[in-house]
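Below: one structure, written as structure tokens.
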Amino acid sequence: MSVPERLPAALARRIALAAQGFADPRPSVDIGTRQLRRLVERLAVVQIDSVNVLSRSHYLPAFSRLGSYPRAALDDLTARRHAVFEYWAHEASFLPVGLQPFLRWRMAAAEEQAWGNMVRLQRDRPGFVAEVLERVRSEGPLKAGDLLEGKRERSGEMWDWHAGKVALEWLFFTGEVTATHRTASFEKVYDITERVLPPAVLQAPTPDPDDAVRELVRVAARALGVATERDLRDYFRLKPAAARAAIGELAEGGELVPVDVTGWGAPAWLDPAARRPRRIRARALLSPFDSLVWERPRVERIFGFRYRLEIYTPAAKRVHGYYVLPFLLGDQLVARADLKADRQAGVLRVQAVHGEEGIERPVVAAALVDELRLMADWLELDDVVVAGAGDLAADLLRASSGPARVPIGT
């Protein structure tokens, strides 16, 4: 193996941002399915989450990179065109449909990964899963609510699924059914996979698991630009041994180049086709589930930005807020804002905003004001309201009342 190339940390950061789509200016034309399809192909994994305090998280990565776009166009890619499909990748995710054959090994290995309530269902109600599959096959698309058997008390715990939901999710995990679309309330609608995915995908041969893992690592390397072994395997949640073997094979074939990134403290791998921009001019608010920031150790390594999701932290113990979005300006994460879309009042609420140490506060505040206004317009909200919490709130209010600006409310 060749001697690793030395990469300055700043260059590695720009490479990573370019790979994630932040080196390109936002389009000046109306955005439609073509640009969205290209973005999903670039990212490969768009994580799904049910939290809707601001926006469903899968809509946010496209806004962060492309600016204002019609969310219906993204729905069209998933629900009508089926150019994007839903499956377990990093977590629950939307992926380009061409990746489906490379995840069939995970579907086939489902028995080895059965979760507790599925094991109990198979033990207590043998044959029930087959009955549910036959019902979907004969009746057509079904929601979990269609299989609810009488009134039930919920425990309040995550994954507190009734038997019908467990069965459908098991069939989804094994690939026998897939999601045809999501309802307005974000409920998944399931149908037989053969009735949803394009014929060309269904007819594609199933790769050997080793070949499939190698392709997933290859895709992750393109999406990340420069990455450690942990970064590469985390993108699709691959097992260490399989990912390590794939990385070695790709390196031997020249598809990954070993690099030593200043300050990373771990060996890294570079996509040889990755762009090396001299400058990044990005401005974006990032979903907590954005692929740029979802792996917190990588965020800290690349940006020196310590980031934790505090949704499940008791309110009194939260440091920065409930739904906190990092703010990217240039090639740095410079602030974080706790945001809420108050749809009833028609306002985007900035519940708290904090700046990083050493930033040019007036510059950051002015850029953040512009991005907040753009986001409010995209979410069809009339105003932005700053609560006053956080060390950057006063700067944000001052920036909003400058020349030719409409003041932000408080």
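The values are calculated or read from the model by the stated rules, or taken from the named source; none is laboratory data. Predicted model only: the values in this text are computed from it and were never measured. As a convention, Cβ positions derive from the backbone with ideal geometry for all residues, glycine included, and neighbour counts pool all protein chains shown. To get the accessible areas, we keep the full protein, side chains included, count just its heavy atoms, and leave off ligands, DNA and RNA. Shrake-Rupley method; radii C 1.70, N 1.55, O 1.52, S 1.80 Å.
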Exercise. So how strong a dipole does the chain carry about its Cα centre when Lys and Arg Cβ are +1 and Asp and Glu Cβ are -1, to the nearest 20 debye?
Worked result: 720
Exercise. Which whole-number percent is the relative contact order of region 114-197 (Cα, under 8 Å, 6+ apart)?
Worked result: 32
Exercise. Using a cut-off of 21 Å between alpha-carbon atoms, which lysines can reach LYS188, once sequence neighbours fewer than 8 places away in the same chain are excluded?
Worked result: LYS143, LYS151, LYS165
Exercise. If ASP231, ASP124 are ordered by their accessible area, calculated over protein heavy atoms with a 1.4 Å probe, which sequence runs from highest to lowest?
Worked result: ASP124, ASP231
Problem set entry | Reachable lysines, given that their alpha-carbon falls under 23 Å from the alpha-carbon of LYS340 and they are not under 8 places away in the same chain | LYS317
Exercise. Could the peptides 23-33, 45-55 be put in order, highest first, of the mean number of other beta-carbon atoms found within 10 Å of their residues?
Worked result: 45-55, 23-33
For this session: In debye, nearest 20, what is the charge dipole magnitude of region 308-401 about its Cα centre with +1 on Lys and Arg Cβ and -1 on Asp and Glu Cβ, if you could check?
Result: 380
For this session: Only Lys, Arg, Asp and Glu count, each charged at its Cβ (+1, +1, -1, -1), so figure out the dipole size of region 208-360 about its Cα centre, rounded to 20 debye.
Result: 640
Exercise. Accessible area, 1.4 Å probe, largest first: how do VAL3, VAL217 sort?
Worked result: VAL3, VAL217
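What do you get for trypsin sites (Lys or Arg not before Pro) in region 313-410 restricted to DSSP loop and a cutoff of at most 14 other Cβ within 10 Å of the site's Cβ? Mind showing how you got there, number by number?
Details: sites: LYS317, ARG318, ARG336, LYS340, ARG343, ARG349, ARG373, ARG398, ARG405; in loops: ARG318, ARG343, ARG405.
Sites meeting the loop and neighbour criteria: ARG343, ARG405.
Could you tally the net charge around LEU197, taking each other residue with its Cβ under 15 Å from the Cβ of LEU197, Lys/Arg +1 and Asp/Glu -1?
0
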Problem set entry | Distance between region 100-153 and region 25-40 - C-alpha centres, whole angstrom | 36
Seminar exercise, completed: When the charge dipole of region 340-383 is computed with +1 on Lys and Arg Cβ and -1 on Asp and Glu Cβ about the Cα centre, the Cα farthest towards its positive end, among VAL347, ALA366, TRP378, belongs to VAL347
Exercise. What nm value, rounded to one decimal, do you get for the distance between ASP377 and ALA108 when each label is placed 7 Å out toward the C-beta?
Worked result: 5.1
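At R0 = 45 Å, how high is the FRET efficiency between SER185 and ASP391 if r is their beta carbon distance? Nearest 0.05 is fine.
0.75
Would you mind calculating the gained length between ALA72 and HIS162 on full extension (0.36 nm times residue separation, minus the Cα-Cα distance), in nm to one decimal?
Gain on extension, ALA72 to HIS162, equals 29.3 nm.
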Seminar exercise, completed: Taking every other residue with Cβ under 13 Å from the Cβ of SER185 and scoring Lys and Arg +1, Asp and Glu -1, one gets +3
For this session: Could you pull the accessible area for ARG233 with a 1.4 Å probe, rounded to 10 Å²?
Result: 60
Exercise. Considering only ALA394, ALA179, PRO205, whose Cα is most displaced toward the positive end of the charge dipole of the chain, charges sitting on Cβ of Lys, Arg (+1) and Asp, Glu (-1)?
Worked result: ALA394
For this session: Over region 283-380, calculate the relative contact order: mean separation of alpha carbon pairs under 8 Å at least 6 apart, over the residue count, as a percent.
Result: 22
Exercise. So how exposed is TRP378, as accessible area in Å² (1.4 Å probe, rounded to 10)?
Worked result: 10
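Which net charge results when you count Lys and Arg as +1 and Asp and Glu as -1 among the other residues whose beta-carbon is under 15 Å from that of GLY254?
-2
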For this session: Counting helices only, and only those DSSP H runs with n ≥ 4, report the 222 nm mean residue ellipticity of the chain as the sum of -39,500 (n - 2.57) divided by its residues, in deg cm²/dmol to the nearest 500.
Result: -10500 deg cm²/dmol
Exercise. Got the relative contact order for region 21-156 handy, in percent, Cα pairs under 8 Å and 6 or more residues apart?
Worked result: 20
